[in-house]
1. How long is the gain from H17 to R85 if the chain were fully straight, where each residue apart is worth 0.36 nm and the alpha carbon distance is subtracted?
2. On the accessible surface of region 47-140, probed at 1.4 Å, how many percent belong to carbon and sulfur atoms?
3. How big is the Cα convex hull of region 1-124 in projection, averaged over all directions, in nm²?
4. Multiplying the sequence separation of C211 and R38 by 0.36 nm and subtracting their Cα-Cα distance, what value in nm do you get?
5. Which FRET efficiency value, to the nearest 0.05, do you get for V156 and Q30 by plugging their Cβ-Cβ distance into 1/(1 + (r/R0)^6) with R0 = 22 Å?
6. By per-residue mean of other Cβ atoms within 10 Å, what is the highest-first order of 28-36, 91-99?
7. Length gain on complete extension for the stretch R67 to K133, per 0.36 nm per residue less the alpha carbon to alpha carbon distance?
8. Could you order L15, L101 so the one with the most accessible surface comes first? Probe is 1.4 Å.
Amino acid sequence: MLADQAEEPADSRVLEHFSISDLDEETIKQYRQRFSARSPDHAWLSLEIPSFLEKLGAWRKERSTGREGITVAGLLMFGKAEAIRDPEAIPSYHVDYREKLSADPAVRWSDRLTIDGMWAGNIFLFYTRVMGKLAHDFKIPFQFGPDLFRRDDTAVHESIRESLVNALIHADYRGQGGIVIERYSDRIMMSNPGILLISREQLLYGGVSECRNKTLQTMFQLI
């Protein structure tokens, strides 16, 4: 709780003894592709990878100490699972997607995505893969947008996407249990570790938001 009250966002902390080699090159490439698709003329696209990461907040230099390096947000978004889970980084980090669509009680999961060594295991890849699984079976009505191109997005897709991003940017990655997304035939449940940073009254009233991981929030807003 004391860490949540610090002026510096939890994910902007510079990690000592970590380098760009702890990041997954393919993840950075896919993120840049999404960034380019959303803002094809953005000036940051002409930057080399280190400078691009610095603009995102994935790499930071502390003015007070002169120390620089990968930030917590940079490692979470683009890192390799073994680096993210390093004792000097975020050892309790865990993400888990569980699909329970089978009517057979003997089938525990009809599909699952967790950190198993088959993929990099970072937040960005978890987001893209889980969104693909969640949105796969939702029907998309034939409709045109204001630019007269077909729209492949609906209010349902938008709601799910926002809920998933919220689960990722508001999580306390030092907490226990990790981020768990569960899909059933009639509902989707999302949970993450960490207490609310606003009061319950403010939450119910609406209009007030306090993000725990502001750098991660910016990274998602940019795509």
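The values are calculated or read from the model by the stated rules, or taken from the named source; none is laboratory data. Given the structure is predicted, the values throughout are model-derived calculations rather than measurements. Virtual Cβ from ideal backbone geometry, glycine too; neighbours counted across all protein chains shown. Quick note on the areas: whole protein, heavy atoms, side chains included, nothing else; ligands and nucleic acids left out. Shrake-Rupley method; radii C 1.70, N 1.55, O 1.52, S 1.80 Å.
1. Length gained, H17 through R85: 23.1 nm.
2. Values: 2320 of 4770 Å².
In region 47-140, the share of accessible area belonging to carbon and sulfur is 49 percent.
3. 11.0
4. Working it through step by step, the gained length comes to 60.0 nm.
5. Working: r = 24 Å, r/R0 = 1.10.
Step by step, r from the Cβ atoms, then E = 0.35.
6. Values: 28-36: 15.7, 91-99: 18.7.
Result, highest mean first: 91-99, 28-36.
7. Result for the pair: 19.7 nm of gain on full extension.
8. The most accessible residue leads, giving L101, L15.
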